[in-house]
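*Asks:* I have a structure here, written as structure tokens, and I will follow up with some questions on it.
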Amino acid sequence: MNALLETRSLARNFGAVTAAADIDVTINAGEIVGVIGSNGAGKTTFINMVTGYLAPSSGEILFKGKSIVGKNPRQVMRAGICRSFQVAQLFPELTVLDNVLIAYGIMKHKILPLMSPLATKANIQQAEQLLEEYGITSYMAETVVTLPQGVRKLLDIALAMLRKPEILLLDEPTSGVAIDDKFELMDTVMRAVRKSGAAVLFVEHDMEVIARYSTRLIAFYDGRVLADGAVSEVMGDEKVKELVTGHHLDIDYEREVEHA
Amino acid sequence: MKYATTMIVGAGIALLAAGLFMPGWLTFLLTLAFAKGLVVMGLLLLMRAGLVSFGQGLYYCLGAYCVGIAGDYFETQNALLLLLLAIVVCVALAAVIGLLLCRYRDIFFAMFSMAFSMILYGVLVKSSAFGSSDGFNVKPPLLFGWTPTGESGPFLAYGLAVVALVGVGIFVWRYLRSPMGYAGEAVRENEIRVEYLGASVRRIIYTKYLLAAAMAGLGGGITALAAGHIDPEMAYWTTSGEFVFIALMGGVGHAAGPVIGAVLFELLRTYAFQISPYTWQMILGIALLVIILYLPKGVWSLVERVTKGKPL
Ligand SMILES: Nc1ncnc2c1ncn2[C@@H]1O[C@H](COP(=O)(O)OP(=O)(O)OP(=O)(O)O)[C@@H](O)[C@H]1O
Ligand SMILES: [Mg+2]
């Protein structure tokens, strides 16, 4: 097996809250893995642990067979695992162009230069190319706070892809994006991903998006992996229907109101 | 880039030339203002990264005492050597303190930096060898064996201040456009993103802290040479507050902001003191209030508005 990423009994508590318990997940090269799970199921916690943002309480994380537990986000990212964020992490008061220029500036230099200019013609051109790949060139001069959600999400993912990761972890790439725009956004992202050959794990609530893009599906519930396998198989799983998708797919509004 | 360098050097030459014709009191006032401008340019680097240091007085004072003490001890009046020493000592101390400070943000960063400057103040006030709270006199500087006398007395320190200002000004101007300069904005805006792009936020802050210390030490050293007298007040928290005051007044959007702010501050203070010796602080306070209300980005933004569209 050419497992790229493997977690073994990965767990994390916040005081009395168990955000992740005993998570075993394996991702192979070239896979596009969807992740579903209701709010608080531990999806973001999982990504935070894998990328070194959160230390696991116990368990092991292997990247290409080597443990990466204890590494910080910088090291994990350099090793080849990059991520996007549920809430896009950008420089809100700066322009889109400056966001990208800073990203390139940091990426190209291990030690940041103090005197040579960042906004050179060559760097700006490179930034333009990146924005073009994600179809957001027209926003280049705009300040991030003024951007629509979808553009922020794309920029966030574009920055994650800069390092040409071997695995890309996307935390709800389409959240906050209008239903009509979700597919366009995912198309753009997947085109870039395919070009780079990276494996992808993406958290998503929309089952149609899952069905369209993933080759495999993992269902999280209460900090555990409830089911893992082919998309149709997991979607058909009784427990998944009862505990995960039931909440999202066939929301019975009247019943929700009664319960509330 | 070349254009800006030429402009800054040109301004420096003009200042030097003007210095030959200035009355002594103005030369002296500008020297002190430029020295403060140097300190505040360092503070600007931190403030643009979202960090307000209320303790730059630490390095301002340390730089001055280095010049004073080393001048005495090594019996040298070589200005360049003394200033270099001031910078080296300040950076060395910042290298240690910075390790701690780069872990803190906001009010904690401000208060910790202030605490360290107050420690130096406390030590100096108790050191009778250095004149305790009275401080001591610094011998007039020598440059390549030359020391001006009489009328041209204040000119040497003035010249040093202008040259330092030009050098540091060019550096800061370029720095703000470099990857490290941009990284400051980035740290202020979103530290998580900076880390996930692959840069260490702490290392960025640490670098800025060292640079700011170097500039403050240089400013303090020049002040010692110009004033001919130093005392622990330079490390007192009100001195550090003055630097923040100047930064707000001049603005931190451009390398020129601190210099304009510092000159304005010294002029205001001098005149306010002459007009009303007992309430001059009030006049300064009102001036700052007016600036914050009408020019929230400092006096420099006025220049930017006038020259809008033109590269500066
Ligand atoms: N920093 C934290 N401190 C305390 N509790 C946390 C923290 N982060 C997450 N949790 C808790 O851990 C559990 C899992 O959270 P997580 O964010 O991983 O869920 P999620 O599956 O990403 O949910 P969502 O769909 O809402 O994004 C939740 O109960 C959450 O409240
Ligand atoms: Mg989440």
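The values are calculated or read from the model by the stated rules, or taken from the named source; none is laboratory data. Small disclaimer: the values here were computed from a predicted structure and weren't measured. Virtual Cβ from ideal backbone geometry, glycine too; neighbours counted across all protein chains shown.
*Asks:* Could you pull out the residue among A:E133, A:E172, A:E142, A:E128 that is closer than 29 Å to A:D206 by Cβ, surrounded by fewer than 16 Cβ atoms within 10 Å (Cβ to Cβ) and away from chain B (no Cβ under 11 Å)? First the steps, then the outcome.
*Replies:* Numbers: A:E133 fails: surrounded by fewer than 16 Cβ atoms within 10 Å (Cβ to Cβ); A:E172 fails: surrounded by fewer than 16 Cβ atoms within 10 Å (Cβ to Cβ); A:E128 fails: closer than 29 Å to A:D206 by Cβ.
Every option except A:E142 fails the conditions.
*Asks:* To continue, here is another question. State whether one or more residues within the stretch B:202-225 are buried (at least 24 other Cβ atoms within 10 Å of the Cβ), part of a helix (DSSP H, G or I) and of a type in the set (D, E, K, R).
*Replies:* Yes, the stretch B:202-225 has at least one match.
*Asks:* Give the residue that is farthest from B:G50 (Cα to Cα), with candidates limited to residues of the stretch B:177-198 that are more than 7 Å from chain A (Cβ to nearest Cβ) and surrounded by fewer than 21 Cβ atoms within 10 Å (Cβ to Cβ).
*Replies:* Filtering the stretch B:177-198 for residues that are more than 7 Å from chain A (Cβ to nearest Cβ) and surrounded by fewer than 21 Cβ atoms within 10 Å (Cβ to Cβ), the one farthest from B:G50 (Cα to Cα) comes out as B:E191.
*Asks:* Across the stretch A:72-98, what is the number of residues that are closer than 17 Å to A:L4 by Cα and in a loop (DSSP other than H, G, I, E, B)?
*Replies:* First, the residues of the stretch A:72-98 that are closer than 17 Å to A:L4 by Cα: A:75-83.
Narrowing further to those that are in a loop (DSSP other than H, G, I, E, B): A:80.
Counting residues in the stretch A:72-98 that are closer than 17 Å to A:L4 by Cα and in a loop (DSSP other than H, G, I, E, B) gives 1.
*Asks:* A further question follows. Kindly indicate which of A:L118, A:L90, A:L97 is more than 20 Å from the chain's Cα centre (by Cα), modelled with pLDDT of 95 or more and within 12 Å of chain B (Cβ to nearest Cβ).
*Replies:* Being more than 20 Å from the chain's Cα centre (by Cα), modelled with pLDDT of 95 or more and within 12 Å of chain B (Cβ to nearest Cβ) holds for just one of A:L118, A:L90, A:L97, which is A:L97.
*Asks:* Please enumerate the residues belonging to the stretch A:139-175 that are of a type in the set (S, T, N, Q) and either in a loop (DSSP other than H, G, I, E, B) or at pLDDT below 95 (or both).
*Replies:* Scanning the stretch A:139-175 gives A:Q149, A:T174, A:S175.
*Asks:* For the stretch A:105-126, give me each residue that is farther than 30 Å from A:K43 by Cβ, assigned to a helix (DSSP H, G or I) and not β-branched (V, I, T).
*Replies:* The answer is A:G105, A:K108, A:K121, A:A122, A:N123, A:Q125, A:Q126.
*Asks:* Could you run through the stretch A:157-172 and say how many residues are more than 16 Å from ligand 2 (Cβ to nearest atom) and either of a type in the set (D, E, K, R) or out of contact with any helix residue (DSSP H, G or I) (no Cβ under 9 Å at 6 or more places or on another chain) (or both)?
*Replies:* 3
Conditions tested, residue by residue: (1) modelled with pLDDT of 95 or more; (2) closer than 25 Å to B:S200 by Cα; (3) under 18 Å from the mean Cα position of the chain (by Cα).
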| position | (1), (2), (3) |
| --- | --- |
| B:V9 | no, no, no |
| B:A18 | no, no, no |
| B:L51 | yes, yes, yes |
| B:Y60 | yes, no, yes |
| B:A70 | no, no, no |
| B:E75 | no, no, no |
| B:L82 | no, no, yes |
| B:Y104 | no, yes, no |
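*Asks:* Out of the residues in the stretch A:34-59 meeting the condition of being under 19 Å from the mean Cα position of the chain (by Cα) and away from ligand 2 (no atom under 16 Å from the Cβ), tell me which one is nearest to the other protein chains (Cβ to nearest Cβ).
*Replies:* Out of the qualifying residues, it is A:G52.
*Asks:* Within the stretch A:43-68, track down each residue that is of a type outside the set (F, W, Y), surrounded by 17 or more Cβ atoms within 10 Å (Cβ to Cβ) and part of a loop (DSSP other than H, G, I, E, B).
*Replies:* A:T51, A:G52, A:L54, A:P56, A:I68
*Asks:* If you don't mind, another one. Looking only at residues in the stretch B:269-312 that are surrounded by 10 or more Cβ atoms within 10 Å (Cβ to Cβ) and of a type in the set (S, T, N, Q), which one is modelled with the highest pLDDT?
*Replies:* Taking the candidates together, the pick is B:T270.
*Asks:* Just name the residue that is farthest from B:L51 (Cα to Cα) out of those in the stretch B:86-107 that are out of contact with any helix residue (DSSP H, G or I) (no Cβ under 7 Å at 6 or more places or on another chain) and of a type in the set (V, I, T).
*Replies:* By that ranking, first place goes to B:V88.
*Asks:* Give the stretch A:169-203 a look and list any residue that's within 13 Å of ligand 1 (Cβ to nearest atom) and more than 21 Å from A:L217 (Cα to Cα), or say none.
*Replies:* A:G176
*Asks:* Which residue out of A:N2, A:N13 is more than 16 Å from the chain's Cα centre (by Cα), more than 27 Å from A:V231 (Cα to Cα) and either surrounded by fewer than 22 Cβ atoms within 10 Å (Cβ to Cβ) or within 16 Å of ligand 2 (Cβ to nearest atom) (or both)?
*Replies:* A:N13
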